[in-house]
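Novice: Take this structure, written in structure tokens, and hold onto it; I'll ask about it next.
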Amino acid sequence: MSRRQTTAIRRIPDERVDTTAQPLVEMHHIAKTYQRDGAAVTALRGLDLMIRQGEFTAIMGRSGSGKSTLLHILGLLDEEYEGTYQLDGQLVSGLSADELSRLRNRKIGFVFQSFHLLPQLTILENAALPALYAGKRPRDCRAAARMHLERMGLAERLDHRPMELSIGQRQRAAIARALVNEPRIVLADEPTGALDSRTAMEILDILRDLNRSGTTVILVTHDHEVGEAAERIIHISDGTADDGVA
Amino acid sequence: MERPTTEWLSLLFRFALDGLSGQRGRSLLTMLGMAIGTASVVAVVSIGLLGRDYVIGLIEGVGSNLVFAYGTGGGVNPEELAFEDVDALRQRVPYVAAMAPVLSGNELISVKNQPETISVLGVTPEYAPVRNLVVVGGRFLTAAEDAGGAKVAVISKELALKLYGTTRLGEEWIRIFGLRFQIVGVFREGVESAAALQKSEAAGLVAIIPFSTFRNLSGVRFVDVVYFQAVNAMAVPAVVEAASSVIASRHRTLSSFKIESLDQYLVLVQRISDAVSAGLIAIAAVSLLVGGIGIMNIMLVTVTERTQDIGIRLALGAGRRDILLQFLMEAGILSLLGGIAGTLIGAGLPLYIGFLYGIEVPVSGISVAVAFAVSVGVGLFFGIYPARKAANMNIIDALGYA
């Protein structure tokens, strides 16, 4: 496979990266082509990626770079791709949708751009949801949700519905939800995209704190300033090796 | 599965309730559709049963465990039941609680100077209990009057009203066979519209006189009909059998006689009512079907509206089966509550109306159970398609990435 066909990944070397830590994400030759309006669109072409335990990685790229496709595969939301993907030592490429669902539930905590909290539930119920779907006892689920929400400074807001909270509080509630099953990876997709710059900084600080306390964080963004929060940046651009790096 | 089943189901049930509570108005309207369907099935079965009970009441009102024998007067050599036949029947037919031979004829009387034809029956005192006659004034004929050929009469309510405008008679007389008969009582039939079934000899303008009196004065040679009251319902076929063989032994052929019980009418009524009920239920079932389609429709809207909700749940680790069960439960809850409401309406309303009007309204427990089960089944069946649609959603599209 020629270099031109390979999705360009440019790593910014960082002395903070512990190269002896266990690899958490190992991807080899990930390729994905999908149909759009009858035409085949290649999103990823033979991508290799390794993320070690405890890293704070930003995956950056412009819209159309294949960044979203990578996010879906990383987050086990998409099972149709070529190549191999090992997550936490387990080969996950080729698993069924339900198996992926269970792995996603236990190993990955999602933080979305538009929070994706269920509007009819309180934030306590929202944060407990992944634990409930994991089959834990409801009382334990609520306790874990409460603990993480308190950690996010939302102790006074447990019984509020998302719409009653500020957007910063909503994203903090979503982070508490992402953490409730003690996942191996927090996968944040443009977590600051819907926030003003002050709140964005606050959320990035929270992600950094999470990483310092040992959680592997993957931040997907198109925003260089946001990407700078990470200790390692992976650039993705469609097929062009010399695509500029900020 | 590693998941604790009952706890898991109760969790999904809670999610289903959350989902429904997010759209109360719509859920209530959908349930209303189901309720109407269920109520109409239950009510229609009740109406069918009510109609059947009414007709059976009419038939049984003619007389319980009744067997009757009569000559049809048809055929080449018509034969009738003679008095000797009556004696033989009285001696030889077993399991008979009471027997009542009837003589009948017509008489022209004058009512307010207008000629009026009335029926005159000659009967024994047993006739009243055998035919369920109710004495509304005075008394019925006595055995002594029958034995002595007394000139007394009991007249029907209709005749009393026609003649005197009242059923409370003083000392009155009526002219029959050219002689004066003293009116000793007024009767009506136990079930007055029994005549609707078949012309009853006791319906209309009727005067009843003692059997022996009728026989002596009229010179009649045949009895019109002989009634037997069997000792119980089980004995009815045996009485029919015995009466037939007695009559057959005394005549050349049975062909000009009819020996019948009311059983055949009861069977006929049962058959007609079953057919009518089945038709009515089929019509009511259509409304149940419409209710089910209503559920499917609303669930499809719900699934579309809650696409992102479903996507989020899938992303957070819900299995396809969890989503499927949650939405099936939502459809099931809608139809279950609709079914309960419909059962209450369909069974409660007839009972209430029956209570108001003092009618005993039959509510079939089986029909309630079946309507209830069917409505829930319909809900679940029509819930499958939307629930599958929800469970098979593409997560990425559902999350709004597409």
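The values are calculated or read from the model by the stated rules, or taken from the named source; none is laboratory data. As the structure is a computational prediction, the values presented were derived from the model and not from experiment. Reconstructed Cβ throughout: ideal geometry from the backbone, glycine too, with neighbour counts over all protein chains shown.
Novice: Inspect segment A:90-112 for any residue being surrounded by fewer than 16 Cβ atoms within 10 Å (Cβ to Cβ), among the hydroxyl-bearing types (Ser, Thr, Tyr) and either farther than 17 Å from residue A:184 by Cα or touching a residue at least 40 places away in the same chain (Cβ under 8 Å) (or both) and give the result as yes or no.
Specialist: Within segment A:90-112 (the criterion being surrounded by fewer than 16 Cβ atoms within 10 Å (Cβ to Cβ), among the hydroxyl-bearing types (Ser, Thr, Tyr) and either farther than 17 Å from residue A:184 by Cα or touching a residue at least 40 places away in the same chain (Cβ under 8 Å) (or both)), the answer is yes, since at least one residue qualifies.
Novice: What are the residues in segment A:181-197 that are more than 21 Å from residue B:401 (Cα to Cα) and touching a residue at least 60 places away in the same chain (Cβ under 8 Å), if any?
Specialist: Listed by number, the residues that qualify are A:181, A:183, A:184.
Novice: Here is a follow-up. Kindly evaluate residue B:167 against the criterion of being under 29 Å from residue B:82 (Cβ atoms), surrounded by 13 or more Cβ atoms within 10 Å (Cβ to Cβ) and free of Cβ contacts under 8 Å to residues at least 40 places away in the same chain.
Specialist: no
Novice: What residue, of B:367, B:273, is surrounded by 23 or more Cβ atoms within 10 Å (Cβ to Cβ) and either in contact with a helix residue (DSSP H, G or I) (Cβ under 8 Å, 6 or more places away or on another chain) or away from chain A (no Cβ under 14 Å) (or both)?
Specialist: Residue meeting the stated conditions: B:367.
Novice: Any idea how many residues of segment A:106-116 are more than 8 Å from chain B (Cβ to nearest Cβ) and under 21 Å from residue A:51 (Cα atoms)?
Specialist: 4
Novice: Identify, from the list A:103, A:71, A:87, A:95, the residue that is under 26 Å from residue B:323 (Cβ atoms), at the interface with chain B (Cβ under 10 Å from one of its Cβ atoms) and more than 11 Å from the chain's Cα centre (by Cα).
Specialist: Testing whether each residue is under 26 Å from residue B:323 (Cβ atoms), at the interface with chain B (Cβ under 10 Å from one of its Cβ atoms) and more than 11 Å from the chain's Cα centre (by Cα) leaves just A:103.
Novice: So, in segment A:77-92, exactly how many residues are on the phi > 0 side of the Ramachandran plot and assigned to a strand (DSSP E or B)?
Specialist: Of the residues in segment A:77-92, 1 are on the phi > 0 side of the Ramachandran plot and assigned to a strand (DSSP E or B).
Novice: So which residues in segment B:86-133 are touching a Ser or Thr at 6+ places or on another chain (Cβ under 9 Å) and either without any contact (Cβ under 8 Å) to a residue 60 or more places away in the chain or of a type in the set (Lys, Arg) (or both)?
Specialist: Listed by number, the residues that qualify are B:92, B:106, B:108, B:125, B:131.
Novice: May I ask you to list the residues in segment A:16-64 that are hydroxyl-bearing (Ser, Thr, Tyr), under 17 Å from the mean Cα position of the chain (by Cα) and away from chain B (no Cβ under 14 Å)?
Specialist: A:57 - this is the single residue of segment A:16-64 that is hydroxyl-bearing (Ser, Thr, Tyr), under 17 Å from the mean Cα position of the chain (by Cα) and away from chain B (no Cβ under 14 Å).
Novice: Within segment A:93-164, which helices (runs of 4 or more DSSP H) (wholly inside it) include 1 or more residues that are of a type in the set (D, E, K, R) and in contact with a strand residue (DSSP E or B) (Cβ under 8 Å, 6 or more places away or on another chain)?
Specialist: So the answer is A:97-107.
Novice: Could you please find all residues in segment A:76-89 being touching a residue at least 60 places away in the same chain (Cβ under 8 Å) and either surrounded by fewer than 21 Cβ atoms within 10 Å (Cβ to Cβ) or over 21 Å from residue A:57 (Cα atoms) (or both)?
Specialist: A:86, A:88, A:89 - these are the residues of segment A:76-89 that are touching a residue at least 60 places away in the same chain (Cβ under 8 Å) and either surrounded by fewer than 21 Cβ atoms within 10 Å (Cβ to Cβ) or over 21 Å from residue A:57 (Cα atoms) (or both).
For every residue, the table says whether it meets (1) part of a loop (DSSP other than H, G, I, E, B); (2) within 14 Å of another protein chain (Cβ to nearest Cβ); (3) surrounded by fewer than 22 Cβ atoms within 10 Å (Cβ to Cβ).
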{"position": "B:15", "(1), (2), (3)": "no, yes, no"}
{"position": "B:27", "(1), (2), (3)": "no, yes, yes"}
{"position": "B:32", "(1), (2), (3)": "no, no, yes"}
{"position": "B:39", "(1), (2), (3)": "no, no, no"}
{"position": "B:44", "(1), (2), (3)": "no, no, no"}
{"position": "B:53", "(1), (2), (3)": "no, no, yes"}
{"position": "B:58", "(1), (2), (3)": "no, no, yes"}
{"position": "B:64", "(1), (2), (3)": "yes, no, yes"}
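Novice: Would you say residue B:277 is over 30 Å from residue A:108 (Cβ atoms) and touching a Lys or Arg at 6+ places or on another chain (Cβ under 7 Å)?
Specialist: Criteria not met by residue B:277.
Novice: Can you name the residue in segment A:126-136 that is buried (at least 22 other Cβ atoms within 10 Å of the Cβ) and within 10 Å of chain B (Cβ to nearest Cβ) and, of all such residues, is farthest from residue B:22 (Cα to Cα)?
Specialist: A:131
Novice: Continuing with this model, one more query. When you look at residue A:146, is it surrounded by fewer than 24 Cβ atoms within 10 Å (Cβ to Cβ) and at pLDDT 95 or above, yes or no?
Specialist: Criteria met by residue A:146.
Novice: Further question: Counting only residues that are surrounded by 14 or more Cβ atoms within 10 Å (Cβ to Cβ) and outside any strand (DSSP E or B), how many does segment B:93-138 have?
Specialist: Total satisfying the criteria: 11.
Novice: Answer with yes or no whether residue B:88 is hydrophobic (A, V, I, L, M, F, W, C), farther than 30 Å from residue B:266 by Cβ and outside any strand (DSSP E or B).
Specialist: Taking the combined requirement at face value, the residue does not satisfy it.
Novice: Still on this structure, please answer the following. Out of all the residues in segment B:67-79, is one or more touching a helix residue (DSSP H, G or I) at 6+ places or on another chain (Cβ under 8 Å), under 30 Å from residue B:223 (Cα atoms) and either away from chain A (no Cβ under 14 Å) or touching a residue at least 24 places away in the same chain (Cβ under 8 Å) (or both)?
Specialist: The answer is yes, given that some residue of segment B:67-79 is touching a helix residue (DSSP H, G or I) at 6+ places or on another chain (Cβ under 8 Å), under 30 Å from residue B:223 (Cα atoms) and either away from chain A (no Cβ under 14 Å) or touching a residue at least 24 places away in the same chain (Cβ under 8 Å) (or both).
Novice: How about segment B:279-395: which helices (runs of 4 or more DSSP H) wholly inside it have at least 3 residues that are of a type in the set (Gly, Ala, Ser)?
Specialist: B:320-357, B:365-391
Novice: Sticking with this one: Got a number for residues in segment A:137-176 being within 14 Å of chain B (Cβ to nearest Cβ) and more than 23 Å from the chain's Cα centre (by Cα)?
Specialist: The total comes to 7.
Novice: Only one residue in A:119, A:183 is within 12 Å of another protein chain (Cβ to nearest Cβ) and under 19 Å from the mean Cα position of the chain (by Cα), so which one is that?
Specialist: Answer to the selection: A:183.
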